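Comments concern the structure below.
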Amino acid sequence: MENRPNPDDLLARAKAEEANRGKLKIFFGAVAGVGKTYSMLEAARLRKREGIDVVVGYVETHKRAETEALLEGLEILPSKIISYKNVQLREFDIDAALKRKPKIILIDELAHTNAPGSRHPKRWQDIQELLEQGIDVYTTLNVQHCESANDIVAQVTGVVVRETVADTFIEQADEIELIDLPTEELLKRLKEGKVYLGEQAQAATEHFFQPGNLIALRQLALRYTERNVDTKLMSYKKEHAVSKVWNVRDRFLVCISPSPSAMALIRAGKRIALDLGVEWIVAYVESFAELRPEDKSRVSEMLNFAEKLGAQTVTLSGQDVADTLISYARSKNVTKIIIGKPGKPRLRELLLGSLFDKLARKCQEIDLYLLSGDTREQPVKFKPPALAPFSWKNLGYTIGIVILCTLLNLILSTRLSLVNLIMIYLVGLTWVAFRYGRRLSLIASFFNVLFFDFFFVPPYFSFKVADVEYLFTFAVMFGVGFMIAHLTGKLRLQTISMKVRESKTKTLYDLSRELSRSSYPDELFKIALTHIEDFFKCGAVIFVPDKSKKLEVQFGEVTQLALDSNETAVAQWVFEHKKPAGKRTETLPGSSGMYLPFTGAEKTVGVLGVYPTEEKQFVDPEQLHILEMFVNQTALAVEGAQLAATALDAESKIENERLRNLILTTFSSGLAEPLTSISHTASELLNPANIKDEARRDALIGKMRKEVERLNILIAELPQILEAKE
C-alpha cells in the first residue's frame, strides 16, 4: 500500500494529458552570448530532419553569421510591424502562428516586453496562449530575467533588470536545457564581436561582462537549473510511487521537540546547511499528546526561528513519531535525519522505547545523526502531560454515568454474568474518556471498581472481598480502564486536530471557489477580506494603489482599527519592496498591524493589513503559511482579472479603431461622388449668368437637392452597412 501512487496526482496528470497542452522547452543560460539561440536552432534543425513540422516564430540573430546560417532551410513566419512614436517595431505575430499552427515553434527572448498595441504585454503570455492551443514552444532565457533572481543579480552586478519572467511560469517548463560556457571563452567571444558589436561590446566589457559578475551569474544559473531538475525528480518519484530515497542530492531533516534544548539543534542544523550548501527542513510531529501552553508557545517560537535561519518548516501529525518522520522524509527525498539526544528518563525509554532506536530500525538508506543539545541549557526534567482545567460539573456528569451503569447492572445482574457486567462499566468509561478527557476517565475507572465491589462482589454492600481472586479482577478492571482512558484521550485529541485541519482545508477551498466565480478585482478583494476576517477572527484592511502608486485603504473598517500615517507608511514600504513587514516580522515590528503584499506573477496589486487581537496570534508559522496562501490565491486572481480587463480594453480600442477606419473608408468611397457634384453645382449657381437664366437656375437647384437626398439615404443606411461589414 505504501508504494501506491496518489489517486489525486494520477487524476491531475490525466487531466493535463487530456488538455493537450503544448510542451515548453527553455534554453537557459547565465548571460547573453553563451549560445542559447544557436543551440535552439540546432535542436530545431534536428527535429526538422526527423520529419517534425518546425517553424521559426521570432529569432534575434544579433547579426551573428553562424546563427543566421542556421536559419537557412527553416520556415520563418513574417514579423508583425507595430508603429510606436514614429518608430517601426518588429514583433512576434501570434495570430499568424495560431493560423499556421505548427508542431514546434521557435520564439527567442522569453522575457521580452511587447510593443504597446500588442495582444499581450509580455512575450511569455504569447507563449502561454500557444501552449494552450497544443503547440510546442522552444524559447531562450537568461538567469537575470528570472523574477526570484532579480535582487541577487542587482546586488552582484549593480544592474537592475526590468524585464523579468515569473518563476511560476518557468516552473511549468517541461524541459530546461542549460547552455553553459566558461568565463574565459565567453570573454573571448565578446572581444571577437560574437556577442555584441561596436560600442555596445565595449560598454558590456567595461560594466556587465566583468569576470566576477560572469562567475556569479554562471553559478546562479547552475543552481537554478539544479532546483528545476530536483523538482522534476520529485515529480517523477511521486508519479511512479518511488518510496526509496535516491541519494543524488543532499537534503536533511531536523526533528525538534518542545524541549528548550531543541533550539541548539536548529542552530546546529543551520551550520551544517552552510557547510554542505544544501536545503534543510525543520519538522515537529504532533503525536496527539496534550501540551502545556508554554510548550506550544516554545514550538512556535522555534519554528519561527528556523524560518528566519532559512529552513523550511513543517508541522506533521501522526500517532507514531518515527513512522511519520520516515514517511515524510521519503516523500521529500531527504537523505539525512538529525535528532537530539533523548531527554526522557531511562525507565520510560526502557518501557516505551527511544525515538533514535525506532528511527535506526526503519530509516534504511537514510542516514541518521544524533546531536547533543546545548550544554548551557538546564537538563529537561520529565513533566506529566498537561491536563485541562478541572470541572466540577463534568465530575458530576462522570459520577452520574457510573451510577447509571450501576443501576443498569442491578437490573441485569440476574441474567448476566459478572464479566458482562464489567463490560457495561467499560462502555460508560469509554464515553467518559472521549467526552470529558483522561483525568475524569481515571476517576470513573476508580468509581467503577468501588461500585462493582460494593454491589456485585460477595459479601454484598461491603468493600470487603471474600475471594482473593477478585483483587486480580479489580486490578485488571482498573488497568483496562486506564488503557481505554489513554487511547480514547489520544483519539479525542486526534479528532480535534483533524477537525481543525478540515476547517483550514475547507476555508481555502471555499476561498478558491468564490474567487473563481468573479472577474472583478473589487469583488475579489472583498471575498478575500471576508474569509480572512472570518477565519482568523481579527481586523483586516486591504490597501490598493492609485494611478500614482500611492496606497489607499479601499476595503475594511478603518475607523475601528484607528490607522494612522505610520501604519500607512509601513504598507507603502511593503508595496514597494514586495516583502512582509510590521508586527510579527523582522521589519518595523513595532507596528500595530502585520502587512503582506498581494504579489502576483507580474506585479503587486495591493497590500493586506491584519491586526491580531490575541498576543500569540500569527506566532505559529502554520498560521502564517495559511495567511500567505490566502494572500497568494487572491493576488493571482486579482492580477488575472486586471490582465483580462486590460486585454478587453485593448481589444475594444482595436475594434473602435477598426470601425473608425471602416467608417472613413465607407464615407470616402460613398460620399466622394455626391459631394463633388454638390460642390460643382454650387460653383455654377455662383455664376451670375446662371442666376439670370431661371430655367438653368432651377435645374441646378434640383440637381443639388437630388444629391443631398442621396447623402441622406447613405447616412440612413450606414448602420446596416457597418453591420454587414462586421
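Read-outs throughout are calculated quantities, based only on the coordinates presented, and are distinct from any laboratory measurement. Since this is a predicted model, take the numbers as computed values, not measurements.
A straight Cα-to-Cα reach below 19 Å connects Lys341 with the lysines Lys270, Lys358, Lys362, Lys381, Lys383, residues fewer than 8 places away in its own chain not being considered. Relative to one another, the C-alpha centroids of segment 517-578 and segment 388-433 are positioned 56 Å apart.
Expressed in units of 2.2 N^0.38 Å, where N is the residue count, the Cα radius of gyration of segment 392-493 is 1.04. Listed by chain and number, the lysines placed with their C-alpha closer than 16 angstrom to that of Lys238 are Lys332; residues fewer than eight positions away on the same chain are left out. Which of the lysines could a cross-linker bridge to Lys506, judged by Cα under 18 Å and excluding same-chain residues fewer than eight apart? Filter leaves Lys537.
Rounded if a/c is under 1.5, else prolate if a/b beats b/c, else oblate: with a ≥ b ≥ c from the C-alpha gyration tensor eigenvalues square-rooted, which is segment 251-371?
Verdict is oblate for segment 251-371.
With 23 Å as the limit, write out which pairs from Lys308/Lys547; Lys122/Lys232; Lys499/Lys616; Lys23/Lys237 have Cα-Cα distances beyond it, or answer none.
Lys308/Lys547; Lys122/Lys232
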